[in-house]
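Note sheet for the following structure.
Derivation of every value follows stated rules applied to the coordinates shown; laboratory data play no part. Note that the structure is predicted; figures quoted are calculated from it, not measured. Cβ placement follows ideal geometry from the backbone for every residue including glycine, while neighbour counts extend to all protein chains displayed.
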């Protein structure tokens, strides 16, 4: 079903591009931008034996999934379950399998993959570049050496490359980005990360409804060089990565009650997740932004699901 969604999305974008005389991929400079992130099915741990019950109470035995999500359309392009014995620790391996599947369907070449620090792994970055895709990877404090090296770069000597201000939901947010060319500079410790071309420092300053200010610093690296994209676009892609939480994970948890599901037998949790995601995809592809409202509309009209899936 993910393959069907990818084909439908490609057809829609091709038709829109033909009508407009240009590539239509949102504000992505002609590139497909794909967010990769993991999700735990909280109620999926088996509880048939006392050992399994004890493991479930410790958070073990749960099913973990890794999904690839198109920034512009909100369509999930693919989803893979982590190996049961690896659990959440198998996310990088699952992501490697997932990008191979995307590449086989022609969805990966020249795209940009965004990921949180849990996927900042040399083997995944190398696999993406070998398949002619780029990446933007976050670096956090749990990766002490690269994080320390990033913080130590001469950021104070680099001017702001872009500043973006946004207002919404009663909040005012300003994001500034500074960029350092890693290929043309050195901190004296050798290669920073395989194929890394630029280092990013994004400072988010936010004022809430009560007038209180907060600030957050985000460090990231990318395989894109200065000729391939501009700093404002990099900042928007880093920010856009979190749309996978709001437009996919949140919908599955709140609208479909995924975390409350008590299905725990064999591949049952994975199979049900594989049905929820294409349901969301089908509604996104016909223009629904409110998935709950789309589900109610389809429940009231018996033949509408067939039309949505192109079966009439």
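Just want the ordering: 222, 114, 145, 96, from fewest to most Cβ atoms lying within 10 Å of their own Cβ.
Exposure proxy ranking, most exposed first: 145, 96, 222, 114.
Beyond 19 Å, what share of the Cα-Cα pairs of the stretch 185-312 remains, rounded to the nearest whole percent?
Values: 5559 of 8128 pairs.
Summing the P(r) tail past 19 Å for the stretch 185-312 gives 68 percent.
State the Kirkwood hydrodynamic radius of the stretch 29-148 in Å, one decimal place, computed from all pairs of distinct Cα atoms. Each step should come with its number before you reach the end.
Values: mean 1/r = 0.0650 Å⁻¹.
Value: 15.4 Å, from the Cα pair sum.
Taking the 0 to 90 degree range and rounding to the nearest ten, how far is the long axis of helix 2-20 tilted relative to the main principal axis of the chain, both from C-alpha atoms?
60 degrees
If one takes the longest principal axis of the Cα atoms in the chain, at what angle in degrees, from 0 to 90 and to the nearest 10, does the Cα axis of helix 231-240 lie?
Here the helix axis deviates by roughly 30 degrees.
Rounded to the nearest 10 degrees, what's the angle between the helix 268-285 long axis and the longest principal axis of the chain, both from Cα atoms, 0 to 90?
70 degrees
Arrange the following residues from fewest to most other Cβ atoms within 10 Å of their Cβ: 107, 295. Intermediate values should be presented prior to the final figure.
On the way: 107 23, 295 17.
The order, fewest Cβ neighbours first, is 295, 107.
Per 10 Å bin, what percent of the C-alpha pairs of the stretch 81-227 does each bin hold, from zero upward?
Going from the shortest bin to the longest, the percentages are 10, 34, 31, 21, 4.
Taking just the alpha carbons, could you work out the radius of gyration and Dmax for the stretch 82-143, both in angstroms?
Considering the stretch 82-143 through its Cα atoms, Rg and Dmax are 11.8, 35 Å.
Among bridges DSSP assigns within the chain, what percent are antiparallel (round to 5)? Please list the in-between numbers first.
Numbers: 44 of 52 bridges.
Around 85 percent of the beta bridges assigned by DSSP in the chain are antiparallel ones.
Given (i) 39, 20, 17; (ii) 33, 25, 20; (iii) 27, 24, 19, which label gives semi-axes √(5λ) of the Cα gyration tensor in Å as computed from the coordinates?
Derived directly from the coordinates: (ii).
Given the -39500 (n - 2.57) contribution per DSSP H run of 4+ residues, what per-residue ellipticity at 222 nm results for the chain, rounded to the nearest 500 deg cm²/dmol?
Numbers: 10 runs with 107 residues, N = 312.
Calculated mean residue ellipticity at 222 nm is -10500 deg cm²/dmol.
Based only on other Cβ atoms within 10 Å, what is the fewest-to-most ordering of 103, 259? Walk me through the intermediate numbers first.
Values: 103 18, 259 15.
Starting with the residue having the fewest Cβ neighbours, the order is 259, 103.
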